[in-house]
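Single-structure report; data block below.
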Amino acid sequence: MGEIKNINVENDIRLLVAEILEMEPEQITPEAHFVKDLGMDSMMALEILASVEKKYRITIPEDALPKFVNLKATVDIVENIVKKK
(Lines give C-alpha, C1' and ligand atoms only; values in the text may rest on other atoms or scores of the structure.)
Protein backbone atom coordinates (compact mmCIF):
# COMPACT_ATOMS: atom_id res chain seq x y z
CA MET A 1 0.00 0.00 0.00
CA GLY A 2 2.94 2.36 0.66
CA GLU A 3 3.88 2.37 -3.02
CA ILE A 4 0.43 3.43 -4.18
CA LYS A 5 0.60 6.38 -1.79
CA ASN A 6 3.97 7.50 -3.20
CA ILE A 7 2.62 7.52 -6.76
CA ASN A 8 0.04 10.11 -5.67
CA VAL A 9 2.37 12.35 -3.64
CA GLU A 10 2.99 14.77 -6.53
CA ASN A 11 -0.70 15.02 -7.37
CA ASP A 12 -1.72 15.41 -3.70
CA ILE A 13 0.80 18.18 -3.08
CA ARG A 14 -0.07 19.90 -6.36
CA LEU A 15 -3.74 19.98 -5.30
CA LEU A 16 -2.82 21.31 -1.84
CA VAL A 17 -0.64 24.07 -3.30
CA ALA A 18 -3.31 24.96 -5.88
CA GLU A 19 -5.96 25.25 -3.17
CA ILE A 20 -3.83 27.47 -0.93
CA LEU A 21 -2.61 29.66 -3.82
CA GLU A 22 -6.14 29.74 -5.30
CA MET A 23 -4.89 28.54 -8.69
CA GLU A 24 -5.75 25.76 -11.08
CA PRO A 25 -3.66 22.60 -10.41
CA GLU A 26 -2.43 22.61 -14.03
CA GLN A 27 -0.72 25.97 -13.39
CA ILE A 28 1.59 24.37 -10.82
CA THR A 29 4.28 22.73 -12.89
CA PRO A 30 7.05 20.69 -11.24
CA GLU A 31 9.64 23.41 -11.93
CA ALA A 32 7.55 26.56 -11.22
CA HIS A 33 9.21 28.48 -8.38
CA PHE A 34 6.68 28.90 -5.56
CA VAL A 35 7.62 32.50 -4.72
CA LYS A 36 8.95 33.94 -8.00
CA ASP A 37 6.54 32.24 -10.43
CA LEU A 38 3.47 31.52 -8.33
CA GLY A 39 3.48 34.43 -5.86
CA MET A 40 3.56 32.35 -2.68
CA ASP A 41 4.21 34.26 0.54
CA SER A 42 5.56 32.97 3.85
CA MET A 43 2.11 32.45 5.37
CA MET A 44 1.03 30.35 2.39
CA ALA A 45 4.26 28.36 2.64
CA LEU A 46 3.64 27.60 6.31
CA GLU A 47 0.05 26.58 5.54
CA ILE A 48 1.25 24.20 2.81
CA LEU A 49 3.93 22.68 5.06
CA ALA A 50 1.44 22.20 7.91
CA SER A 51 -1.02 20.54 5.51
CA VAL A 52 1.68 18.22 4.11
CA GLU A 53 2.84 17.24 7.61
CA LYS A 54 -0.73 16.51 8.68
CA LYS A 55 -1.63 14.58 5.52
CA TYR A 56 1.43 12.32 5.60
CA ARG A 57 1.82 12.26 9.40
CA ILE A 58 5.43 13.42 9.13
CA THR A 59 7.58 16.14 10.66
CA ILE A 60 9.57 18.22 8.23
CA PRO A 61 12.92 19.27 9.72
CA GLU A 62 13.48 23.02 9.89
CA ASP A 63 16.69 22.80 7.88
CA ALA A 64 14.67 21.39 4.95
CA LEU A 65 12.34 24.38 4.75
CA PRO A 66 14.53 26.52 2.42
CA LYS A 67 14.60 23.60 -0.04
CA PHE A 68 10.84 23.79 -0.65
CA VAL A 69 11.16 26.01 -3.73
CA ASN A 70 8.96 24.16 -6.24
CA LEU A 71 6.69 21.15 -6.59
CA LYS A 72 9.47 18.78 -7.65
CA ALA A 73 11.69 19.64 -4.66
CA THR A 74 8.73 19.40 -2.28
CA VAL A 75 7.69 15.96 -3.58
CA ASP A 76 11.30 14.68 -3.34
CA ILE A 77 11.66 15.87 0.26
CA VAL A 78 8.28 14.49 1.35
CA GLU A 79 8.88 11.11 -0.33
CA ASN A 80 12.29 10.82 1.40
CA ILE A 81 10.78 11.59 4.81
CA VAL A 82 7.89 9.14 4.23
CA LYS A 83 10.33 6.38 3.22
CA LYS A 84 12.31 6.85 6.44
CA LYS A 85 9.22 6.39 8.62
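At-a-glance table
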item	result
Residue 29 vs. criteria touching a helix residue (DSSP H, G or I) at 6+ places or on another chain (Cβ under 8 Å), assigned to a helix (DSSP H, G or I) and not hydrophobic (A, V, I, L, M, F, W, C)	no
Sole exception among (1) outside any helix (DSSP H, G or I); (2) surrounded by fewer than 17 Cβ atoms within 10 Å (Cβ to Cβ); (3) out of contact with any Asp or Glu (no Cβ under 7 Å at 6 or more places or on another chain) for residue 79, by number	(1)
Residues of the range 48-70 classified as out of contact with any strand residue (DSSP E or B) (no Cβ under 8 Å at 6 or more places or on another chain) and closer than 19 Å to residue 30 by Cα, total	9
Qualifying residue in the range 35-47 (condition: of a type in the set (Asp, Glu), closer than 16 Å to residue 16 by Cα and either part of a loop (DSSP other than H, G, I, E, B) or more than 13 Å from the chain's Cα centre (by Cα) (or both))	yes
Any hit, the range 6-24, residues being farther than 18 Å from residue 52 by Cα, modelled with pLDDT of 95 or more and either not aliphatic (A, V, I, L, M) or not in a loop (DSSP other than H, G, I, E, B) (or both)	yes
Residue within the range 10-23 that is touching a residue at least 60 places away in the same chain (Cβ under 8 Å) and under 22 Å from residue 85 (Cβ atoms) present	yes
In the range 38-47, residue nearest to residue 26 (Cα to Cα) [restricted to those that are of a type outside the set (A, V, I, L, M, F, W, C) and loosely packed, with under 14 Cβ neighbours inside 10 Å]	39
Residues within the range 59-68 that are surrounded by fewer than 16 Cβ atoms within 10 Å (Cβ to Cβ) and assigned to a loop (DSSP other than H, G, I, E, B), tallied	2
Subset of the range 48-58 that is farther than 15 Å from residue 23 by Cα and not basic (Lys, Arg) - its residue that is surrounded by the fewest Cβ atoms within 10 Å (Cβ to Cβ)	50
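The values are calculated or read from the model by the stated rules, or taken from the named source; none is laboratory data. Note that this is a predicted model, so its numbers are computed, not measured. As a convention, Cβ positions derive from the backbone with ideal geometry for all residues, glycine included, and neighbour counts pool all protein chains shown.
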